[in-house]
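Structure first, commentary second.
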Amino acid sequence: MTEPVAVTGLGLLTPAGESTDATWGGVCRGAGTASHDPALAGLPVDISCRVPLARDALDRRVGRAAWRMSRNAVLAVLAAREAVHDAGLDPRAWDGDRVAVVIGCGMGAGAEREEQAGRLRELGADMVSALTVPQIIPNMAAGEVSIDLGARGPGLAPSTACASGATAVAVARDLLLLGRCDIAVAGATEAAVTPLTVTGFWRAGSLSRHTDAPAGAPRPFAAGRDGFVPAEGAGVLVLERTGHAAARGARVRARLVGCGSTSDAHHPTAPAPDGRGAEAALRAALADADLAPHDVGHVNAHGTSTLLGDAGEAALIARVLPHRPGVTAPKGVLGHSLGAAGAVEAALTVLTLQHGTVPPVANLDAPAPGFDIDCVTKEPRRQDVRIAVSHSFGFGGHNVVLVLARA
């Protein structure tokens, strides 16, 4: 089957806002959301980007089932509900056997894991929660979304580090095109801003040390970049075959027309220096969409604000897309939500296509010397974007590129 796939619904919870509209507004304003985090007090890096809702507020939105869920799962359930509502769907009326759920996750429920490990160490085995395993296993966000929506079709939980969200969207498209489902609820979640995780990234040299001015710390493609700011969040898209969406009169926000996925096979954490794997993913995605590089009008970059990552991605864009499409990098505003980032950024790419607006890269005056790319800076750029690509790259050498087209 080669029928295009329609994006009919979006759901976002990010540090820029509690909904899709709020997140889009925050990203377009281009102001960083990083701040000092009391949960990280005393660590060498104590800044993060948090969803602006405390756990009790999130639980009230979820309802009675929240008692058994990790924060990770709660974010996924709320984003999925928003996406399904945005798509004009009612889980009480659909055929749940034909609804797939594909929710990725990079780290799993970090806070719950660390809390229960502390209980075991300090209080003994009897004080460890019986919910520990179902809370911390990384597939449970997908499981809780399926339960919440009554979705009984394929249920998957891809884990490809910081490419998990994009992988989930690509896998969901495959399920639709193979006829395994009629509706796919796809995306990713992450709530891993914990002392252990943050310390691990600090020890790996991945985090920004600009803790004196947190909001300005993430600086994608800037000369002064020195690492990312850890974040949490969730992004979910509702996908349908175009014919299915048309038959029920659904609004189509954009079309997912191509996906490409490769592995560097090079190093656990460092990208391949020649960028060959990432380039292959981009070219494969364009070939899958039957498009040429010059068709691309916008790049939603992975743009983590790391030295090696941004340099490699800038070189990739300049090499494959020399016509200089407009580039944005949402992590300047949102921080790096790890496994959720690819899904969040896919949703933002949909909004760029729909609104004809490319958000600016926060904390960037101009790309670093030698980066021959056209980054949008200072304010949103009005642009008639017809084709856009969204890049996601993860530890382990995972490369995923999505190609989206205006509806």
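Tabulated values for the structure
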| read-out | value |
| --- | --- |
| Scope the stretch 1-58; condition modelled with pLDDT under 95, closer than 23 Å to residue 406 by Cβ and out of contact with any helix residue (DSSP H, G or I) (no Cβ under 7 Å at 6 or more places or on another chain); matching residues | 2 |
| Those residues of the stretch 83-94 which are surrounded by fewer than 24 Cβ atoms within 10 Å (Cβ to Cβ) and either hydroxyl-bearing (Ser, Thr, Tyr) or touching a Gly at 6+ places or on another chain (Cβ under 9 Å) (or both), in sequence order | 85, 86, 88, 89, 91, 92, 94 |
| Helices (runs of 4 or more DSSP H) completely within the stretch 98-206 that count 3 or more residues being closer than 23 Å to residue 346 by Cβ and modelled with pLDDT of 95 or more | 140-149, 164-177 |
| Close pairs from the stretch 184-203: first in the same structural domain as residue 337 (by TED's automatic domain parsing) and closer than 12 Å to residue 39 by Cβ, partner outside any loop (DSSP other than H, G, I, E, B) and not aromatic (Phe, Trp, Tyr), Cβ under 8 Å, at least 6 apart | none |
| From the options 66, 80, 87, 34, residue that is assigned by TED's automatic domain parsing to the domain that holds residue 112, within 22 Å of residue 201 (Cβ to Cβ) and not basic (Lys, Arg) | 34 |
| Any pair with Cβ under 9 angstrom, 6 or more apart, that starts in the stretch 18-33 at a residue that is within 22 Å of residue 213 (Cα to Cα) and ends at one that is surrounded by 15 or more Cβ atoms within 10 Å (Cβ to Cβ) and at pLDDT below 95 | 33/52 |
| Test: residue in the stretch 89-100 that is within 30 Å of residue 249 (Cβ to Cβ), out of contact with any helix residue (DSSP H, G or I) (no Cβ under 8 Å at 6 or more places or on another chain), touching a residue at least 40 places away in the same chain (Cβ under 8 Å) and of a type in the set (A, V, I, L, M) | yes |
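The values are calculated or read from the model by the stated rules, or taken from the named source; none is laboratory data. Keep in mind it's a predicted model, so treat the numbers as computed, not measured. FYI the Cβ positions are ideal-geometry reconstructions off the backbone, even for glycines, and counts take in every protein chain you see.
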